[in-house]
1. Does I327 satisfy being crowded, with 19+ Cβ neighbours inside 10 Å, touching a residue at least 60 places away in the same chain (Cβ under 8 Å) and not polar (S, T, N, Q)?
2. Does E260 count as closer than 29 Å to G97 by Cβ and open to solvent by 50 Å² or more (accessible area, probe 1.4 Å)?
3. Of G36, G42, which residue is under 23 Å from I193 (Cβ atoms), more than 16 Å from ligand 1 (Cβ to nearest atom) and open to solvent by less than 60 Å² (accessible area, probe 1.4 Å)?
4. Could you please let me know if G102 is within 16 Å of ligand 2 (Cβ to nearest atom) and within 30 Å of P48 (Cβ to Cβ)?
5. Got a number for residues in region 59-86 being at pLDDT 95 or above, within 7 Å of ligand 1 (Cβ to nearest atom) and open to solvent by 60 Å² or more (accessible area, probe 1.4 Å)?
6. Checking G203 against (1) under 18 Å from P38 (Cα atoms); (2) under 18 Å from the mean Cα position of the chain (by Cα), which single condition isn't satisfied?
7. How many of the residues making up region 264-298 are among the aliphatic types (A, V, I, L, M) and open to solvent by less than 20 Å² (accessible area, probe 1.4 Å)?
8. Go through (1) more than 16 Å from ligand 1 (Cβ to nearest atom); (2) surrounded by 15 or more Cβ atoms within 10 Å (Cβ to Cβ); (3) under 26 Å from G71 (Cα atoms); (4) not aliphatic (A, V, I, L, M) one by one and return the number of the condition S114 breaks.
Amino acid sequence: MVAHPGRGPESAPGGRLARALDLYEFQGKELFRRYGIPVSEGRVATSPTNARAAAEELGGPVVVKAQVLTGGRGKAGGIKLAETPADVEARAGEILGMDIRGHTVRKVLIERASDIEREYYLSIAFDRSAKQPLLMFTTQGGVDIEEVAASSPDALVRLHVDPLEGCHPWHARRLVYGAGIEDPAEQKQIAAIVAKLYEAFVGREAMLCEINPLIVTPEGEVRALDAKFTVDDNALFRHPDIAEMRDVDAADPLEALAREKDVTYVKLDGDVGVLGNGAGLTMATVDVVTFVGGRPADFCDLGGGGDAQGVVAALEVIVRDPQVRSIYFNIFGGITRCDEVARGILQALERMGIEHPIVVRLDGTNAEEGRRLLEEAGAANVHTQATMLDGARRAVELAAG
Ligand code: GDP
Ligand code: MN
């Protein structure tokens with residue numbers, strides 16, 4: 001996870017990690033437009049007839065794009081080109097109501113279609129380890145950036161920006177030359193977009209601004225075809241226009257995120273994040289937390305597997321709940337191995353920089369090994385407890401403290 005430049009995650013109100021609020025593509029593009037980043041003209045529609053009217057207004061071929069808070073919409077069939085208004089109505093009918101990795105499509109963006117010559121990638125994210133914004137640019141856009149980073153790391157140009165110094169033309173020059181852009185007109189347009197994207201990133205206190213793809217049209221025009229804009233929840237009071245963009249009609253966004261990550265999760269409204277393995281034990285854990293005077297924030301079942309990957313995914317969902325103040329892991333190892341769970345916790349701590357106090361009770365298969373791993377890692381916010389009841393007491397105490 002990333003935090004805002006100039007403020008450590010620990011300086012967020014309440015001493016907690018900055019929380020991410022993802023905006024829809026159409027909202028991200030609206031912000032891009034305000035900062036002068038070129039985007040296609042478009043309209044949002046919530047019904048096929050709406051979509052048709054939007055297409056008539058725009059004229060010519062358009063693209064119908066599912067508005068959901070998850071990537072890879074193209075691959076999932078959530079993005080379709082359409083030639084005529086009747087065609088748009090039909091495509092919108094197919095896309096609206098579609099389920100894209102746990103997210104129901106309730107809105108579509110109708111956009112004037114672009115001709116694409118090339119697809120690039122440009123982003124600014126806050127790099128936690130360097131405590132600086134990180135610019136990334138590659139001419140291999142349109143695909144998942146993790147793929148590019150893995151398969152051809154040399155094609156990805158990475159450059160930090162000193163937040164006190166700001167973003168200067170030399171940053172952009174280094175990105176475009178580093179990626180091998182030779183056309184001067186293209187270099188100039190990309191450099192301008194880099195500067196504006198940085199302005200948007202700082203101006204809106206973003207955690208991530210990503211354009212994938214950043215396209216070049218056959219006429220040589222550079223434009224943002226997609227927008228991923230993630231802002232810091234804790235800064236929203238300074239940006240009422242963005243606060244208004246927060247989705248109120250989407251079903252619980254945490255539950256949608258959980259579905260996407262294959263995590264069994266039910267949101268409750270307390271402050272102790274509960275994680276167990278197996279439905280029975282997890283329910284018992286919710287009860288014990290309540291019994292010792294606490295309020296569970298969720299029911300989250302790791303299932304029988306409980307491998308490190310699953311633990312990371314579950315923690316990702318739990319810490320996105322702004323009410324969570326402590327986390328209680330109650331694991332009884334059977335098929336689930338306690339050392340795997342411990343590895344998952346440590347991986348999650350490393351990857352996300354979780355600062356919530358975490359109480360861990362491990363029993364059963366490889367419990368000792370698991371406790372040893374946790375102790376050796378020496379994370380100050382991880383507390384092991386021997387029994388279920390003591391674990392619950394500790395977690396409740398820490399949530400209050
Ligand atoms: P994502 O799959 O969720 O990242 O959605 P994108 O907005 O990035 O779109 C995915 C892909 O759809 C793009 O990489 C393009 O190849 C294609 N696409 C989107 N808009 C247009 C358009 O206006 N014209 C054309 N020809 N293709 C488009
Ligand atoms: Mn994209």
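1. Taking the combined requirement at face value, the residue satisfies it.
2. It is true that E260 is closer than 29 Å to G97 by Cβ and open to solvent by 50 Å² or more (accessible area, probe 1.4 Å).
3. G36
4. no
5. Going through region 59-86 one residue at a time, the tally reaches 1.
6. In the conditions (1) under 18 Å from P38 (Cα atoms); (2) under 18 Å from the mean Cα position of the chain (by Cα), G203 misses (2) alone.
7. Qualifying residue count, region 264-298: 5.
8. With (1) more than 16 Å from ligand 1 (Cβ to nearest atom); (2) surrounded by 15 or more Cβ atoms within 10 Å (Cβ to Cβ); (3) under 26 Å from G71 (Cα atoms); (4) not aliphatic (A, V, I, L, M) applied to S114, the lone miss is (1).
The values are calculated or read from the model by the stated rules, or taken from the named source; none is laboratory data. Remember, predicted model here, so these are calculated numbers, not experimental data. Neighbour counts run over all protein chains shown; Cβ positions are idealised from the backbone, glycine included. Just so you know, the surface numbers come from the protein's heavy atoms only, side chains and all, with ligands and any DNA or RNA stripped out. Shrake-Rupley method; radii C 1.70, N 1.55, O 1.52, S 1.80 Å.
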